[in-house]
Amino acid sequence: SRAKRYGKENRVSTKFTDVAGHDEAKKELIEVVDFLKNPAKYHAIGAEIPKGVLLVGPPGTGKTLMARAVSGEADVPFFSVSASEFMEMFVGVGASRVRTLFEDARKSAPAIIFIDEIDSIGRKRGAGIGGGHDEREQTLNQILSEMDGFEKNASVIILAATNRPDVLDSALLRPGRFDRQVTIDLPNLKEREAILGVHMRGKPLTGGVDVPEIAKSTPGFSGADLKNIVNEAALEAARISKTQIDMSDFYRALDKITLGLENSSLTIR
Ligand code: ATP
């Protein structure tokens with residue numbers, strides 16, 4: 001449809017405990033939760049609540065998950081949109097969708113707007129293939145003007161995800177817009193263990209499953225890759241009609257996924 005193209009969830013159940021690792025990022029985002037939950041505290045002292053936070057990191061590291069957790073912790077509605085899906089062939093459609101989205105969010109304030117892949121809209125203007133791209137620029141300009149147009153105390157915070165902060169138009173990063181950046185990196189060894197733990201929760205595992213060993217075998221894997229490993233292991237176990245997942249299932253899953261990744265994402269990370 002030409003009209004909407006964004007998601008709205010009034011309540012999100014995701015919490016920070018569903019996001020393994022990323023402790024620094026959580027510390028910074030707890031502040032955002034507080035802005036949304038206790039705006040009066042900030043207004044009383046004359047502080048302006050930040051409007052935009054950029055979540056920066058490679059694909060599959062949990063940027064969307066983290067944005068959902070902020071919304072869940074603050075218990076505010078979650079509006080989400082993928083920037084690339086917002087634009088159309090027809091000039092003006094993206095901008096009009098942005099207008100509707102922000103209007104809806106303002107009515108539901110306090111609220112979060114999450115814009116995934118902001119770089120697809122937010123690249124430096126005039127840098128697109130073949131120079132100007134009117135639909136993209138108009139969509140970007142509409143986002144900028146919506147952010148500028150918020151009243152000081154609107155209590156709508158925009159989280160945007162990107163793995164290419166370097167290509168963003170500097171207009172997006174100006175004070176009063178996306179002037180804060182939170183890094184969501186690939187997980188280290190300990191964090192991989194924790195992520196595996198989150199996704200093993202509630203699954204029947206034998207005592208022989210060696211989580212540290214799996215974590216050691218997966219350098220460079222993202223949270224999404226690790227989630228995938230756990231699911232593949234469960235599929236392996238079920239395929240041969242087992243009722244518990246054991247280490248051999250994880251080894252088979254690792255083999256399968258490492259082979260797949262060698263031909264794709266892992267090599268270019
Ligand atoms: P992309 O940039 O590709 O959209 P993303 O950074 O937004 O990726 P998500 O979509 O949030 O990543 O992650 C995909 C899935 O991987 C999540 O839904 C979650 O199940 C799992 N995952 C990723 N990171 C973590 C993490 N730190 N803790 C727990 N699960 C994770």
Search the stretch 100-112 for residues that are under 21 Å from T14 (Cβ atoms) and open to solvent by 10 Å² or more (accessible area, probe 1.4 Å) and pair each with any residue that is outside any helix (DSSP H, G or I) and of a type in the set (V, I, T) when their beta-carbon atoms are under 6 Å apart and the residues are at least 6 apart or on different chains.
A109/V156; P110/V76
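Going through V56, V12, V33 one at a time, which residue ends up being hydrophobic (A, V, I, L, M, F, W, C) and within 25 Å of L189 (Cβ to Cβ)? Break it down into steps so the answer makes sense when it comes.
Numbers: V12 fails: within 25 Å of L189 (Cβ to Cβ); V33 fails: within 25 Å of L189 (Cβ to Cβ).
Checking each option against the conditions leaves just V56.
Suppose the filter is open to solvent by 10 Å² or more (accessible area, probe 1.4 Å) and under 30 Å from N188 (Cβ atoms); does G122 pass it?
On the way: open to solvent by 10 Å² or more (accessible area, probe 1.4 Å): no; under 30 Å from N188 (Cβ atoms): yes.
Answer is no for this residue.
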Quick check on R180: is it within 13 Å of the ligand (Cβ to nearest atom), open to solvent by 40 Å² or more (accessible area, probe 1.4 Å) and touching an Asp or Glu at 6+ places or on another chain (Cβ under 9 Å)?
no
Candidates A224, A171, A234, A253 - the one that is touching a residue at least 12 places away in the same chain (Cβ under 8 Å), in contact with a Gly (Cβ under 7 Å, 6 or more places away or on another chain) and assigned to a helix (DSSP H, G or I):
A224
Somewhere in the stretch 210-230, is a residue more than 15 Å from the ligand (Cβ to nearest atom), on the phi < 0 side of the Ramachandran plot and open to solvent by less than 40 Å² (accessible area, probe 1.4 Å)?
no
Of the conditions (1) within 16 Å of the ligand (Cβ to nearest atom); (2) open to solvent by 70 Å² or more (accessible area, probe 1.4 Å), Q244 fails just one. Which one is it?
(1)
Scope the stretch 183-207; condition acidic (D, E) and open to solvent by less than 50 Å² (accessible area, probe 1.4 Å); matching residues:
E191, E193
The conditions are (1) in contact with a Phe, Trp or Tyr (Cβ under 9 Å, 6 or more places away or on another chain); (2) farther than 25 Å from S145 by Cβ, and D104 fails exactly one of them. Which is it?
(2)
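Please enumerate the residues belonging to the stretch 186-200 that are more than 10 Å from the ligand (Cβ to nearest atom) and either assigned to a loop (DSSP other than H, G, I, E, B) or in contact (Cβ under 8 Å) with a residue 24 or more places away in the chain (or both).
Within the stretch 186-200, the subset more than 10 Å from the ligand (Cβ to nearest atom) is 188-190, 193, 200.
Listed by number, the residues that qualify are N188, L189, K190, M200.
The values are calculated or read from the model by the stated rules, or taken from the named source; none is laboratory data. Values in this document were obtained by computation on a predicted structure and should not be read as measured data. Positions of Cβ are backbone-derived with ideal geometry, glycine not excepted, and every protein chain shown enters the neighbour counts. Just the protein is used for accessible areas: all its heavy atoms, side chains included, with ligands, DNA and RNA removed. Shrake-Rupley method; radii C 1.70, N 1.55, O 1.52, S 1.80 Å.
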